[in-house]
Structure formats: C-alpha cells, structure tokens
Amino acid sequence: PDFVFDGGGIEHFEITSSLENKKGSMFKIDKSVNERKKSEFIQNVKNQLYNSTPNPGTITSDSFKEIYENFSYENFINSLIKNIDKHNTSLIKQNYENKIVIYLIEQQTARLFIKDNKNSGEFYQLHNDKKALTLIKDKLINVNYLVYVNLDEIEILDISKIDSLIENAKEYKNIIGGRLIEISLINSIDL
C-alpha cells in the first residue's frame with residue numbers, strides 16, 4: 001500500500017474518464033503538452049515585460065487557457081475496473097488479508113454529468129450509480145472502504161454496506177463527460 005497504518009493500509013490510485021492507450025490517458029498526454037505551452041507563454045510574457053519601457057503604476061494581466069473535453073462514462077468504468085484489478089493483484093501479493101484496506105481513488109478529469117431529458121441534470125456521484133457499485137462489489141476483495149475523490153467532492157463507501165447502496169442506487173441511462181477548463185493568470189505590476 002501507499003500509506004501504511006497499524007492494522008492496515010491505504011492504496012492510492014488515479015482513474016480517468018479520458019480515453020486510455022498504452023501511453024496512458026489522453027488527458028494526461030494533453031496536459032503535459034499544455035504544461036510546456038504554458039511555460040513558454042509565461043516566459044514570453046516575462047520577456048515582453050522585461051523588454052518594455054517602464055510605465056510605473058500600471059497593472060497588466062495575461063491568461064493562459066486550457067480546455068479538456070472528450071470524457072465519457074464508458075472510459076470512466078473501464079479505468080475503474082482496470083485499476084481495481086491491478087491493485088487487487090498487488091494487494092494479494094502483499095498479504096493484506098484480515099487487515100483494514102482502503103482504496104483511495106482519485107479522478108482528476110472533468111466531472112461526469114447525468115443529463116435529463118431537458119437541458120439540465122446533476123453531477124455524477126458514485127454512491128448513486130447501480131452499475132458502478134455492482135462492478136465494485138464483484139471486484140473488491142478484502143477491501144473495507146473505498147474513498148472516491150473528484151475535483152470538488154469526496155465520497156466514502158463502506159464496502160460492508162455495498163448491498164444496501166446498490167439497492168438504493170439508480171440505473172442511469174445518460175451519463176456524459178464534462179468539460180474541464182483551467183485558466184492561469186499572470187498579473188504584473190510596474191512599480
């Protein structure tokens with residue numbers, strides 16, 4: 001496990017709602033490319049500022065915008081299952097039977113969204129998704145808790161109560177991927 005405590009451990013891993021291939025998630029690949037572009041942009045802004053004529057008392061703002069799309073529920077489920085299987089195998093090798101085991105699952109991609117028949121809906125929550133909970137029940141072996149962290153929410157699932165969660169969960173028909181926009185601001189003050 002990534003974190004060990006007396007009587008158990010926490011296994012931390014990331015999942016994605018982005019398409020994955022042998023090189024990794026498309027989100028991570030695009031993010032890496034954008035990080036280089038952002039660094040170049042910031043350096044250009046600094047160079048322009050240093051090479052400009054001083055103008056005391058002025059404030060300037062520049063921004064770098066990153067937009068990430070093409071997220072899907074299908075990719076989310078595939079990533080969830082792939083990573084649970086991988087960490088189950090690792091857990092078996094490390095002999096964590098009869099200990100408290102927590103899977104800390106982090107999703108850094110955009111939130112999923114449950115769209116209704118109108119132009120509205122609600123954010124996806126793992127504890128309400130019958131399909132995902134059923135897959136988790138079938139896959140989790142010797143895991144006591146699952147902590148699901150996305151951009152702005154944390155869900156803690158007690159796996160001993162998964163049957164009750166499944167019974168109260170919903171069968172969603174229209175879960176769609178969201179969009180993630182990151183804006184970096186560069187503010188300059190000429191004193």
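Of the residues in segment 104-119, how many are assigned to a strand (DSSP E or B) and open to solvent by 30 Å² or more (accessible area, probe 1.4 Å)? Steps first, answer last, please.
Applying the first criterion (assigned to a strand (DSSP E or B)) to segment 104-119 yields 104-107, 112-115.
Checking the rest, the ones that are also open to solvent by 30 Å² or more (accessible area, probe 1.4 Å) come to 104, 106, 113, 115.
Qualifying residue count for the region: 4.
Which condition does residue 122 not pass, out of (1) of a type outside the set (A, V, I, L, M); (2) out of contact with any strand residue (DSSP E or B) (no Cβ under 6 Å at 6 or more places or on another chain); (3) surrounded by fewer than 17 Cβ atoms within 10 Å (Cβ to Cβ), if it passes all the others?
Here residue 122 meets the rest and fails (2).
Could you say whether any residue in segment 26-43 is in contact (Cβ under 8 Å) with a residue 40 or more places away in the chain and surrounded by fewer than 16 Cβ atoms within 10 Å (Cβ to Cβ)?
Within segment 26-43, one or more residues are in contact (Cβ under 8 Å) with a residue 40 or more places away in the chain and surrounded by fewer than 16 Cβ atoms within 10 Å (Cβ to Cβ).
Please count how many residues of segment 139-161 are over 24 Å from residue 92 (Cβ atoms) and either surrounded by 14 or more Cβ atoms within 10 Å (Cβ to Cβ) or touching a His at 6+ places or on another chain (Cβ under 7 Å) (or both).
3
In segment 120-165, how many residues are of a type outside the set (Lys, Arg) and in a helix (DSSP H, G or I)?
Initially, segment 120-165 is screened for residues of a type outside the set (Lys, Arg), giving 120-129, 132-136, 138, 140-160, 162-165.
Subset that is in a helix (DSSP H, G or I): 126-128, 132-136, 138, 159-160, 162-165.
So the count comes out to 15.
Does segment 50-70 contain any residue that is farther than 30 Å from residue 173 by Cα, within 29 Å of the chain's Cα centre (by Cα) and aliphatic (A, V, I, L, M)? Even if it seems obvious, please write down each step before you answer.
Kept after step one, since they are farther than 30 Å from residue 173 by Cα, are these residues of segment 50-70: 50-65.
Keeping just the survivors that are within 29 Å of the chain's Cα centre (by Cα) gives 62-65.
Now drop any that are not aliphatic (A, V, I, L, M), which leaves none.
Taking every residue of segment 50-70 in turn, none turns out to be farther than 30 Å from residue 173 by Cα, within 29 Å of the chain's Cα centre (by Cα) and aliphatic (A, V, I, L, M).
Specify which of the listed residues (114, 100) is within 16 Å of residue 144 (Cα to Cα), in contact with a Gly (Cβ under 8 Å, 6 or more places away or on another chain) and hydrophobic (A, V, I, L, M, F, W, C).
Details: 114 fails: within 16 Å of residue 144 (Cα to Cα).
Going through 114, 100 in turn, just one is within 16 Å of residue 144 (Cα to Cα), in contact with a Gly (Cβ under 8 Å, 6 or more places away or on another chain) and hydrophobic (A, V, I, L, M, F, W, C): 100.
Restricting segment 44-89 to residues that are in contact (Cβ under 8 Å) with a residue 24 or more places away in the chain, closer than 30 Å to residue 133 by Cβ and among the acidic types (Asp, Glu), which is least open to solvent (accessible area, probe 1.4 Å)?
85
Of everything in segment 13-50, what is more than 14 Å from residue 75 (Cα to Cα) and of a type in the set (Val, Ile, Thr)? Give them in sequence order.
Within segment 13-50, 29, 33, 42, 45 meet the criteria.
Does residue 136 satisfy the criteria of being among the hydrophobic types (A, V, I, L, M, F, W, C), modelled with pLDDT of 95 or more, surrounded by 13 or more Cβ atoms within 10 Å (Cβ to Cβ) and more than 16 Å from the chain's Cα centre (by Cα)?
Numbers: among the hydrophobic types (A, V, I, L, M, F, W, C): yes; modelled with pLDDT of 95 or more: yes; surrounded by 13 or more Cβ atoms within 10 Å (Cβ to Cβ): yes; more than 16 Å from the chain's Cα centre (by Cα): yes.
Yes, satisfied.
The values are calculated or read from the model by the stated rules, or taken from the named source; none is laboratory data. A quick note: this is a predicted structure, and the numbers were derived from the prediction, not measured. Every residue, glycine as well, gets a Cβ built from its backbone with ideal geometry; the counts of neighbours run over all protein chains shown. Please note that ligands, DNA and RNA were not included when accessible areas were found on the heavy atoms of the full protein model with its side chains. Shrake-Rupley method; radii C 1.70, N 1.55, O 1.52, S 1.80 Å.
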